[in-house]
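The next block holds one structure in the form of structure tokens; read it before the comments.
The values are calculated or read from the model by the stated rules, or taken from the named source; none is laboratory data. The structure presented is a predicted model; accordingly, all values stated were derived computationally and were not measured. Methodologically, a virtual Cβ is constructed for each residue, glycine included, from the backbone with ideal geometry; neighbour enumeration extends over all protein chains shown.
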């Protein structure tokens, strides 16, 4: 009987020792995955999804996707061959170097690049004189440049709006945190308090993640567009300057004044 009694005593002791561990495991809070920490916000007391905080995060994620798409799309369009293709430039130089107006017009008529369209506008106004050619070139270059820059402007808008959306989430998260303090009478549950602060920090994080590449992409693409448009316009102006008259013809008023001067001297 003694061995049996000893075994029962050891079994009872083991149960008593393991009971607190089992209770602690049951009461231990469930850990939050990395995905939920950055993409889903939950109420600390119920575990339900916090709708507004989660909506702000996913709005910022949608803006991030739009930003990346715009940067890739505009970067593919902002290449040198889209503004100043070497083949078209060479053909126009060859034709206009020989004073071949028709050949130069033909070289750029079937090209949709920035340089070709600017030079085509200038050559089309050639019958009206050199001044009209310059005005047509400048006007077309300005219109095409503005059109290109307008495509980049949404990146600037996203870069300015995203931090504001993140700031809205920050304010909302702090409201949740202070509401938890008030509801607990000054001694809040740390888990509930951390939930509101987590919402504030997470939305701020995503706002910066969206804004930084958007503003960086806007600045880089805008500078590249400015450089390419200026280069293409300068090349077109150099070709047009070959049509510049060496001496300006006297106007009718100048000729009349000269005749009057001669008559008086006579």
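Yes/no matrix, rows are residues, columns are (1) in contact (Cβ under 8 Å) with a residue 40 or more places away in the chain; (2) over 24 Å from residue 70 (Cβ atoms):
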residue	(1), (2)
130	yes, yes
136	no, yes
152	yes, no
161	yes, no
165	yes, no
177	no, yes
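Residue 209 passes every criterion in (1) closer than 27 Å to residue 65 by Cβ; (2) touching a helix residue (DSSP H, G or I) at 6+ places or on another chain (Cβ under 6 Å); (3) touching a residue at least 40 places away in the same chain (Cβ under 8 Å) apart from (2). Of everything listed in (1) at pLDDT below 90; (2) under 16 Å from the mean Cα position of the chain (by Cα), the single unmet condition for residue 242 is (2). Of all residue pairs spaced 6 or more apart or on separate chains, those with beta-carbon atoms under 6 Å, a first member in the range 184-201 that is more than 11 Å from residue 53 (Cβ to Cβ) and a second member that is at pLDDT 80 or above and surrounded by fewer than 18 Cβ atoms within 10 Å (Cβ to Cβ) are 188/181.
Screening the range 1-112 for helices (runs of 4 or more DSSP H) wholly inside it with 2 or more residues that are under 30 Å from residue 219 (Cα atoms) and modelled with pLDDT under 85 returns the ranges 34-39.
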